[in-house]
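The values are calculated or read from the model by the stated rules, or taken from the named source; none is laboratory data. Since the model is a prediction, treat every value here as computed from it, not as a measurement. Neighbour counts run over all protein chains shown; Cβ positions are idealised from the backbone, glycine included.
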């Protein structure tokens, strides 16, 4: 357990959540870690509040602008690399953790060969027996990151360690040597799909992702960006799924890629009609904006 881990928390107008996350992380029993808090230009006094509340125990950095999830985390990653980190841990600021969660992530990284990312079990903060993430896979037939057993109860599933193809950016321990070789998170997405893209990239370069359910954290689902069907989420999920599809279309034959596009635009059209019928013009406009963006 002598590997130095820099834990990166990205804050954007979420000081209360961030400070709760910090308090939880301060109680972990991993012996060699530092906490880095990056404020993504909240413009609500967050930076000063975080510096004051952490009493200079931790590193608080301003990203300078709200460039999105990957941009803000990359500011923290750059700081960690410059300070000699062995691993960086990306973890959402709206989470709390079990005391030994990081030990298990590092153990899995050390025990397995050619592993670039390890992740763990993510449970619902408000219902701690409800699963949000039990490992994940990139579904190349639909081009998104799928959460195994999402919404199921802990008692109804069998947890097991396994190699996976998708680790959510909510909890991702990354080997710094891989970042130095392949680069940090892709910044073209702003929000959503940067984690899917990064997982695809590292696997295309021969690395693996490993899931260890002994590593447990609790996530306030939707706290960072609103509920999954909010206008913000609708716009950015639509926009970035299209970007991801175009970037990795080589994963499918031309015919399968054509069928995927037909399916995608047909289902988005049905959604658009549904939103209009229900009088949800805010959601309809968000969907149209996501579809109109140039890829």
Among residues of segment 124-146, those that are closer than 18 Å to residue 162 by Cα and surrounded by 14 or more Cβ atoms within 10 Å (Cβ to Cβ), counted = 10
Hey, residue 238 assigned by TED's automatic domain parsing to the domain that holds residue 10, surrounded by 15 or more Cβ atoms within 10 Å (Cβ to Cβ) and not in a strand (DSSP E or B) or not = no
With respect to residue 96, determine if the residue is more than 20 Å from residue 184 (Cα to Cα), within 22 Å of the chain's Cα centre (by Cα) and in the same structural domain as residue 118 (by TED's automatic domain parsing).
-> yes
Kindly establish whether residue 177 is in a helix (DSSP H, G or I), over 24 Å from residue 125 (Cβ atoms) and in contact (Cβ under 8 Å) with a residue 12 or more places away in the chain.
-> no
Test residue 113 against the stated conditions and say whether it is more than 24 Å from residue 44 (Cα to Cα) and at pLDDT 95 or above.
-> no
Go through segment 150-192 residue by residue and tally those that are crowded, with 19+ Cβ neighbours inside 10 Å, at pLDDT below 95 and more than 14 Å from the chain's Cα centre (by Cα).
-> 0
Give the residue that is nearest to residue 95 (Cα to Cα), with candidates limited to residues of segment 180-205 that are without any contact (Cβ under 8 Å) to a residue 40 or more places away in the chain and part of a loop (DSSP other than H, G, I, E, B).
-> 183
Exactly one of 291, 272, 255 is under 25 Å from the mean Cα position of the chain (by Cα) and either over 21 Å from residue 197 (Cα atoms) or touching a residue at least 40 places away in the same chain (Cβ under 8 Å) (or both), and that one is 291
Helices (runs of 4 or more DSSP H) completely within segment 1-91 that count 3 or more residues being under 18 Å from residue 101 (Cβ atoms) and touching a helix residue (DSSP H, G or I) at 6+ places or on another chain (Cβ under 9 Å) = 15-25
